[in-house]
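Nothing in this text is a laboratory measurement; each read-out follows from the coordinates by a stated rule. Source: prediction; values computed, not measured. Reconstructed Cβ throughout: ideal geometry from the backbone, glycine too, with neighbour counts over all protein chains shown.
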Amino acid sequence: MNTHSHRDFVKALGLGAAAGMTRPARAESPAGKRPNLVLVMTDDQGYGDLGCHGNPVVKTPNIDRFHGESMRFTDFHVSPTCAPTRCSLMTGRHEFRSGVTHTIFERERMALTATTVAQVLKSAGYTTGIFGKWHLGDEDPYQPDRRGFDEVFIHGGGGIGQTYPGSCGDAPGNKYFDPAIKHNGVFEKTKGYCTDLFFDRATKWIGEKRSGNAPFFAYVVTNAPHGPLVCPEEYQQPYAAQGLDEKVAAFFGMITNIDDNFGKLMAKLKEWDLEQDTLVIFMTDNGGTAGVKVFNAGMRGGKGTPYNGGTRVPAFWRWPGVVPAEVDVDRLTAHLDLFPTFAELAGAKIPAGVKLDGRSLLPLLQDRNAPWADRYLFTHLGRWPKGQAAQSKYLNCSVRTTRYNLVCTGKGEKKWELYDLTADPGERTNLVAQHPEVVSEMEAFYGKWWEETLPCLVNEDAVGPAVNPFKEQYWKQFGGAPTEVQR
């Protein structure tokens, strides 16, 4: 794409030419007609867990319809597990650069020095809300109300009812039905199923904000279909009746429940005449889990692996009248790219000193064939034993370009595998012996990235509190006391 056409596109969005310059989100970008942003991200749902991607069992009619109305990024990648993906999405940087190397043990805490996309959008006049799963730190300084969100309706820890020693954990006794949810700093004892609650509260908030002068960013982040695999009986039963394993039936039931809620949200946007003013994105946070054995879209691996099946996820973008519908974009893209894209759409200023790893997707939103330079995407599972970061360079990692995926799995020894994703998308044939020059080049870039990243791992020696902060606050609010002190 040439600069002139990019500027024309940005001008059509009402942002003015300045927002289309090489540096995204210039301060002088006028706040013209900017889109509301609704980002729906589910938890542990893989690329293959959708009817529109060929799954022969799961029923997702609303998301399938949305897929047909959207621009689809078909080579879109995230991190291999949940907190890392959330951190990269929030910061536009690899999660290790903000200290997130795990999902628990204080290593899920997003560094307090990190700048979030919510903060940048808020600085540009957006009102912001999160509904569901945060998972980037449960102590007060790390909470979303301190990281750019005006409205906060979340559970604690990595999942409802989950608690680990230290800071990562949820309110005591929480389950998927009737959970205690932290709403703007105060716990509410809710009634209903968790996914219904998060979508209902997000929809209510959007309804309240639709008549205001400020555009909004709604971050709808379900904990489902993450385990424990629990859903209303009416959603699980149709799958169980097909003879599916109980857990798989519940997993698919949770997805169909998400689909119903997504359909209701989209219907409300239409009823409120917000469709033309709102960019809606549907994506998931890592590769597949319980549904992988049923259907994995021909990919190798799932959550927690550096193969395609661990990081490639759905990414559907819908903005009627602005973003072309029924278009597939096969360029190598990632969660890192949402931050600069949102910032440019908002005409927001990127604070001085914030270096992003992602790129704005605006050129591709205009033209799927726009020039898009190849890139290196780095994946690392993290999760090494405490104190073993420096020794874990080759522990479940990969370097990805458009054509190749260079993978190292196992116990940390350097033993590369190389796959030609163009000829072998299922990653079955290891070409490491045939292309040593490709391996050498990709490994060199990985080594440079690793050395740059190691100093950023600020949580490796962190010591968590004796009592989980969500539980401590819950007991202070409702009475009661812990039966034992957590370490």
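Going from the residue with the fewest nearby Cβ atoms within 10 Å to the one with the most, Leu362, Leu112, Leu431 rank Leu112, Leu431, Leu362.
Test of understanding: ordering Cys87, Cys231, Cys397, Cys52 by Cβ neighbours within 10 Å, fewest first, what list do you get?
Values: Cys87 29, Cys231 26, Cys397 23, Cys52 17.
With the sparsest Cβ surroundings first, the list reads Cys52, Cys397, Cys231, Cys87.
The Kirkwood radius of region 162-216, taken over pairs of alpha-carbon atoms, gives through the Stokes-Einstein law at 10 °C and 1.306 mPa s a diffusion coefficient of 122 µm² s⁻¹. For the chain, give the magnitude of the charge dipole about the Cα centre (Cβ charges: +1 Lys/Arg, -1 Asp/Glu; no others), in debye to the nearest 20. Charge dipole of the chain: 720 debye, to the nearest 20.
Please give the FRET efficiency for Thr113 paired with Gln242, using the beta carbon to beta carbon distance and R0 = 51 Å, rounded to the nearest 0.05.
On the way: r = 50 Å, r/R0 = 0.98.
Computed FRET efficiency for Thr113 and Gln242 comes out at 0.55.
Each of Trp449, Trp475 was scored by other Cβ atoms within 10 Å of its Cβ. Arranged with the fewest first, they read Trp475, Trp449.
Say R0 is 25 Å: what FRET efficiency, to the nearest 0.05, do Thr74 and Lys293 get from their beta-carbon distance? Computed FRET efficiency for Thr74 and Lys293: 0.65. The distance linking region 363-393 with region 83-101 is 11 Å (Cα centroid to Cα centroid, whole angstrom).
Cross-link partners for Lys349 among the aspartates and glutamates, with Cα-Cα distance under 15 Å and sequence neighbours closer than 8 places in the same chain left out: Glu28. Which pairs, out of Lys133/Lys393; Lys182/Lys476; Lys303/Lys411, put more than 21 Å between their alpha-carbon atoms? Beyond 21 Å between Cα atoms: Lys133/Lys393. Summing Cβ point charges (Lys, Arg +1; Asp, Glu -1) relative to the Cα centre of region 390-456 gives a dipole of roughly 180 debye. The calculated FRET efficiency for Thr402 paired with Ala214, based on their beta-carbon distance and R0 = 30 Å, is about 0.20. Sorted into 5 angstrom bins from 0, the C-alpha pair distances of region 343-443 split as 2, 11, 16, 16, 15, 14, 12, 9, 4, 0 percent. Here is the tail figure for region 390-456: Cα pairs spaced more than 15 Å apart come to 51 percent of all pairs.
Treating the beta-carbon of each Lys and Arg as +1 and of each Asp and Glu as -1, no other charges, what is the dipole magnitude of region 369-487 about its Cα centre, to the nearest 20 debye? All intermediate terms of the calculation are to be shown ahead of the outcome.
Details: 14 positive and 15 negative charges, 88 e Å.
I would put it at about 420 debye.
Remark: the Phe478-Ala390 segment gains 27.3 nm on full extension, using 0.36 nm per residue and subtracting the alpha carbon distance. Please state, as a whole number in µm²/s, the translational diffusion coefficient that the Stokes-Einstein equation yields for the chain at 20 °C and 1.002 mPa s, with Rh defined as the Kirkwood radius across alpha carbon pairs. Using the Kirkwood radius from Cα pairs, D works out to 94 µm²/s.
The stretch between Glu233 and Ala444 holds 70.7 nm of extra length on full extension. This uses 0.36 nm per residue minus the Cα-Cα distance. Since only Phe177, Asn223, Asn369 are under comparison, the one whose Cα sits farthest along the positive direction of the charge dipole of the chain, derived from C-beta charges on Lys, Arg, Asp and Glu, is Asn369.
D for region 126-271, whole µm²/s, Stokes-Einstein with Kirkwood Rh over alpha-carbon pairs at 25 °C and 0.890 mPa s: what number? Rounded to a whole number, D works out at 153 µm²/s. Relative protection proxy for 337-348, 55-66, from highest mean packing down: 337-348, 55-66 (other beta-carbon atoms within 10 angstrom). If you find the alpha carbon centre of region 241-299 and of region 182-216, how far apart are they in angstrom? Here the answer is 19 Å between Cα centres. Taking a straight line from the alpha carbon of Lys414, these aspartates and glutamates sit under 13 Å away, with near neighbours fewer than eight places off in the same chain left out: Glu443.
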